[in-house]
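*Asks:* For reference, the structure I am asking about is given below.
The values are calculated or read from the model by the stated rules, or taken from the named source; none is laboratory data. Keep in mind the model is a prediction, meaning the values are calculated, not measured. Here the Cβ is made from the backbone with ideal geometry for all residues, glycine too, and neighbour counts use every protein chain on show. SASA here: full protein model, heavy atoms, side chains in, ligands and nucleic acids out. Shrake-Rupley method; radii C 1.70, N 1.55, O 1.52, S 1.80 Å.
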Amino acid sequence: MPQKFHLVLLIHAHQPCGNFGHVFEKAYETCYLPFIELLEKHPSIHMGLHYSGPLLSWIFENRPDYFPLLNTLVDRGQAEMVGGGFYEPILVSIPPQDQREQIMRLSSYLEQHFGKRPSGAWLAERVWEPQLPSILGEAGVDYTLVDDIHFLSAGFEPDELFGAYVAEDRGQTVRLYPGQKSLRYLIPFGAVADVVKYLRDSSTAHPGGAAAMGDDMEKFGVWPGTAEHCYTDGWLKDFFAALEENAEWLSVATPSEYLAAHPPLGRADLPTASYTEMMEWTLPTPVRQRFAAVHQEFQERPEILSFLRGGSWRGFFRKYSESNLMHKKMLRTSARVASTLVRRRDPASVAEIAQARDLLHQAQCNDAYWHGIFGGLYAPHLRTDILRNLIRADGLADRQIPGALVARTESLDFDADGAVEILFSAPEYQALLKPNDGGTLAFLDFRFAAATLINSISRRPESYHARLREVTAKPVAGQVTTIHEQTRVKEPGLERFLRYDRWPRHAFRTLLFAAERTHADYQNLELREEAGFAGGAFSVKHSAPHDAELTREDVITIGTAGSVAASLTKHFSFGPAPRGIEVACEISLNLTGPLPGPLAIGVESIINFLAPSEPDRFFETPDGPQNLRFSGVVPGPMLKMEDGWQRVRVGLHAPFAEEFWVAPIETVSESEEGFERVYQGSQILAVWRPTLTKLKSWTGRLMWRIEAF
């Protein structure tokens, strides 16, 4: 009797830490529950199921009836629970001690709830680096799944990808399945008959072999149109039925079932890689556009496409400075938590360190560190969850580290960009000053409320913006396609919001510009400010636990009227205040001669209170409260904001400033549901117009007063 061909499915379900409750609810009702209910009706269909820790925790708390359903599938051998990092980190991006703890925690959780410790692990975003066999092997992982491009990039032929291999690093080994991209696109977007034909053809060419597919459960109900396609129209039921009808030659196996009966096909030494789309997304936008063009040119040449891999996942740290900064904050917090020494082994200290480790691990959830089709980095609530967890973990670690609960300063290359920053830390706050970027604050953490206030993202060109400009019609009604092939728009006219920042969205940036410029110019990023003073490198003259002084010499030019040499000094001060803190920046501008024309001076604040339309978050203005999407001019010298969710008030005080110019920072990004406009915070410019055509010096001051309530 001829050997059966095998289909090995590994289905992955995940919701990120910090995602909205209603997103969990909808995904559960439209996808997670109907998928399992349908699978239960087809007992000969076996598969591996991976659920991330955040999703399992939500289901256990909010939908406890789901676990007995899973246990039914596990008990009859139909489902194999697959491990991984509990909070779905990109394993290669986190420290070794955290890699092991993340994997071991999910393994223990699955053993506790489903009776068996998992032998396999899901690799988040299939991000592979050559050292992973050691990481996985030391954590007790026997197998994982990557994509076929991983193998093709290593010189494998397509005909060699119908089984499992062994990968090794320093003597540690792990079995590897090559996931078939063709199946990833056919299931569930192709005709069921086409999937069966692909498997039948593969069976003929590779008797006794296996075709593996690992992909998101969300494509069976969460992605646009897929709930109707998979359940109302019956695609998934028809697919399971077709697999059963072909049981004479086809076995649908769990990953472990196949491995137990089949030896590895050989050794696989794979390069750094992820799935094809991810390796394109990580490229800088101009390069990505050229890469896409080359990829399209060779679309009919698969033997060429295997050499077109794009970049590595770590490239997101170069592409998005905000991702890099979060990542380096996470690494620093991990090191601080790891260094905690509990001199008194009292229960309270042990509990605090355990809590700090859990918060750190939550902050390693991968979604907000990158961006492709999924919003990820562009989702402020996901970034905020990471940053809040890091603030809390840092605070708990400080309680265990002798001498940490005092104001202190460090000079270091915090974000690994080759330049020295100044880090100010105290029990009430932490702030990072970047002398090389206009002497600005890259982040300000208000520890009383675990709130990070400077939490925006630069508006920058994305390769899909060209596609947005070309959209003239909606997709054909009733057509269901993979999200990689869709163009959907969540609101009309989004192209008018495509404007791009000149500088990173840091606070206390000094903008010197012609006095005739207006609020409209500021909102449209057309102030034409002096680049050197706005974003150039400043020299550090002094730094101490509570203050720092920076200077820069440059030239001010007013249109075609002429220029004058000038020096700018910025003096920062930090300190506690009742129920909060005060952060101030004093600006001193000195000219070598009179300016040839009128000059305006602005000092910019960047603040993000998240949900812009919620009534508990607003600006106080003479016309009454304004929501966070407010754009306009408010008379100086005071401006107040309030966030009822984080219970934080911020007062901006700029003595003798004529007015504050306020404008929302809104990005246009792509998500699985289409192009969307996202509020990333507000840019607020305190504006002075001194008579520097006669005077040679000027001093101004902007102070933030932040308090918890």
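*Asks:* Hey, among 630, 618, which residue is more than 27 Å from residue 689 (Cβ to Cβ), at pLDDT 95 or above and among the aromatic types (Phe, Trp, Tyr)? Before you say what the answer is, go through the steps one by one.
*Replies:* On the way: 630 fails: more than 27 Å from residue 689 (Cβ to Cβ).
One residue alone meets the criteria, 618.
*Asks:* Can we say residue 172 is in contact with a helix residue (DSSP H, G or I) (Cβ under 7 Å, 6 or more places away or on another chain), in contact (Cβ under 8 Å) with a residue 24 or more places away in the chain and over 25 Å from residue 35 (Cβ atoms)?
*Replies:* Working: in contact with a helix residue (DSSP H, G or I) (Cβ under 7 Å, 6 or more places away or on another chain): yes; in contact (Cβ under 8 Å) with a residue 24 or more places away in the chain: yes; over 25 Å from residue 35 (Cβ atoms): yes.
When the stated conditions are applied, residue 172 passes them.
*Asks:* Any residue in the stretch 658-681 that is more than 18 Å from residue 456 (Cα to Cα) and part of a strand (DSSP E or B) sitting within a Cβ distance under 6 Å of a residue that is of a type in the set (A, V, I, L, M, F, W, C) and open to solvent by less than 10 Å² (accessible area, probe 1.4 Å)? List the pairs, counting only those 6 or more apart or interchain.
*Replies:* Partner pairs satisfying both residue conditions: 659/687; 660/634; 660/639; 660/684; 660/686; 675/468; 675/494.
*Asks:* Just give me the residues in the stretch 310-355 being without any contact (Cβ under 8 Å) to a residue 12 or more places away in the chain and charged (D, E, K, R), in sequence order.
*Replies:* Residues satisfying the conditions are 343, 344, 345, 346.
*Asks:* Need the failing condition index for residue 554 against (1) modelled with pLDDT under 95; (2) among the charged types (D, E, K, R); (3) touching a helix residue (DSSP H, G or I) at 6+ places or on another chain (Cβ under 9 Å), just the number.
*Replies:* (1)
*Asks:* Further, regarding this structure: Could you tell me how many of the residues in the stretch 495-513 are surrounded by fewer than 23 Cβ atoms within 10 Å (Cβ to Cβ), assigned to a loop (DSSP other than H, G, I, E, B) and basic (Lys, Arg)?
*Replies:* Count: 2.
*Asks:* Of all residues in the stretch 337-372, count the ones that are at pLDDT below 90 and in contact with a Ser or Thr (Cβ under 7 Å, 6 or more places away or on another chain).
*Replies:* 1
*Asks:* So which residues in the stretch 530-555 are in contact (Cβ under 8 Å) with a residue 40 or more places away in the chain and either among the charged types (D, E, K, R) or open to solvent by 30 Å² or more (accessible area, probe 1.4 Å) (or both), if there are any at all?
*Replies:* Across the stretch 530-555, the qualifying residues are 537, 539, 540, 543, 545, 546, 552.
*Asks:* Which count do you get for residues in the stretch 133-170 that are in contact with a strand residue (DSSP E or B) (Cβ under 7 Å, 6 or more places away or on another chain) and assigned to a helix (DSSP H, G or I)?
*Replies:* 10
*Asks:* Then there's this: Considering only residues that are open to solvent by 20 Å² or more (accessible area, probe 1.4 Å) and in a helix (DSSP H, G or I), which ones fall in the stretch 204-226?
*Replies:* Passing the criteria: 204, 205.
*Asks:* I need the full set of residues from the stretch 387-405 which are touching a residue at least 24 places away in the same chain (Cβ under 8 Å) and in contact with a strand residue (DSSP E or B) (Cβ under 9 Å, 6 or more places away or on another chain), in order please.
*Replies:* Listed by number, the residues that qualify are 387, 388, 390, 391, 394, 398.
*Asks:* Could you list, in sequence order, the residues of the stretch 171-185 that are surrounded by fewer than 21 Cβ atoms within 10 Å (Cβ to Cβ) and either more than 27 Å from the chain's Cα centre (by Cα) or part of a strand (DSSP E or B) (or both)?
*Replies:* The answer is 171, 172, 173, 182.
*Asks:* Considering each of 225, 171, 208, 214 in turn, give the residue that is among the small types (Gly, Ala, Ser) and in contact with a Leu (Cβ under 6 Å, 6 or more places away or on another chain). Spell out how you get there, then give the answer.
*Replies:* Working: 225 fails: in contact with a Leu (Cβ under 6 Å, 6 or more places away or on another chain); 171 fails: in contact with a Leu (Cβ under 6 Å, 6 or more places away or on another chain); 208 fails: in contact with a Leu (Cβ under 6 Å, 6 or more places away or on another chain).
Of 225, 171, 208, 214, the one residue that is among the small types (Gly, Ala, Ser) and in contact with a Leu (Cβ under 6 Å, 6 or more places away or on another chain) is 214.
*Asks:* Would you be able to tell me the number of residues in the stretch 123-147 that are open to solvent by 10 Å² or more (accessible area, probe 1.4 Å) and aromatic (Phe, Trp, Tyr)?
*Replies:* Matching residues across the stretch 123-147 total 0.
*Asks:* Among 325, 308, which is the only one that is open to solvent by 20 Å² or more (accessible area, probe 1.4 Å), closer than 23 Å to residue 459 by Cβ and hydrophobic (A, V, I, L, M, F, W, C)?
*Replies:* Working: 308 fails: closer than 23 Å to residue 459 by Cβ.
Residue meeting the stated conditions: 325.
Residues checked against (1) within 18 Å of residue 648 (Cα to Cα); (2) in a strand (DSSP E or B):
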| position | (1), (2) |
| --- | --- |
| 416 | no, no |
| 436 | no, no |
| 442 | no, yes |
| 456 | yes, no |
| 467 | no, no |
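*Asks:* Give me the residue from the stretch 612-649 that is of a type in the set (Asp, Glu) and in a loop (DSSP other than H, G, I, E, B) and, out of that set, surrounded by the fewest Cβ atoms within 10 Å (Cβ to Cβ). Even if it seems obvious, please write down each step before you answer.
*Replies:* Just the residues of the stretch 612-649 that are of a type in the set (Asp, Glu), to begin with: 614, 616, 620, 623, 642-643.
Among the residues that remain, those that are also in a loop (DSSP other than H, G, I, E, B) are: 614, 616, 623.
On the way: 614: 14, 616: 13, 623: 10.
In this case the residue turns out to be 623.
Quick grid of which residues meet (1) in contact with a Lys or Arg (Cβ under 8 Å, 6 or more places away or on another chain); (2) open to solvent by less than 10 Å² (accessible area, probe 1.4 Å); (3) acidic (Asp, Glu):
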{"position": "401", "(1), (2), (3)": "yes, no, no"}
{"position": "404", "(1), (2), (3)": "no, yes, no"}
{"position": "427", "(1), (2), (3)": "yes, no, no"}
{"position": "439", "(1), (2), (3)": "yes, yes, no"}
{"position": "445", "(1), (2), (3)": "no, yes, yes"}
{"position": "453", "(1), (2), (3)": "no, yes, no"}
{"position": "469", "(1), (2), (3)": "no, no, no"}
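*Asks:* Give just the number: which of (1) more than 20 Å from residue 393 (Cβ to Cβ); (2) assigned to a strand (DSSP E or B); (3) open to solvent by less than 40 Å² (accessible area, probe 1.4 Å) does residue 423 not satisfy?
*Replies:* Residue 423 satisfies all of (1) more than 20 Å from residue 393 (Cβ to Cβ); (2) assigned to a strand (DSSP E or B); (3) open to solvent by less than 40 Å² (accessible area, probe 1.4 Å) except (1).
*Asks:* Looking at the stretch 552-572, can you tell me whether even one residue there is within 35 Å of the chain's Cα centre (by Cα) and hydroxyl-bearing (Ser, Thr, Tyr)? Spell out how you get there, then give the answer.
*Replies:* Initial filter on the stretch 552-572 (within 35 Å of the chain's Cα centre (by Cα)): 552, 570-572.
Narrowing further to those that are hydroxyl-bearing (Ser, Thr, Tyr): none.
Scanning the stretch 552-572 turns up no residue that is within 35 Å of the chain's Cα centre (by Cα) and hydroxyl-bearing (Ser, Thr, Tyr).
*Asks:* Only one of these is open to solvent by 60 Å² or more (accessible area, probe 1.4 Å) and either more than 31 Å from the chain's Cα centre (by Cα) or free of Cβ contacts under 8 Å to residues at least 24 places away in the same chain (or both): 253, 242, 247, 261. Name it.
*Replies:* Numbers: 253 fails: open to solvent by 60 Å² or more (accessible area, probe 1.4 Å); 242 fails: open to solvent by 60 Å² or more (accessible area, probe 1.4 Å); 247 fails: open to solvent by 60 Å² or more (accessible area, probe 1.4 Å).
Going through 253, 242, 247, 261 in turn, just one is open to solvent by 60 Å² or more (accessible area, probe 1.4 Å) and either more than 31 Å from the chain's Cα centre (by Cα) or free of Cβ contacts under 8 Å to residues at least 24 places away in the same chain (or both): 261.
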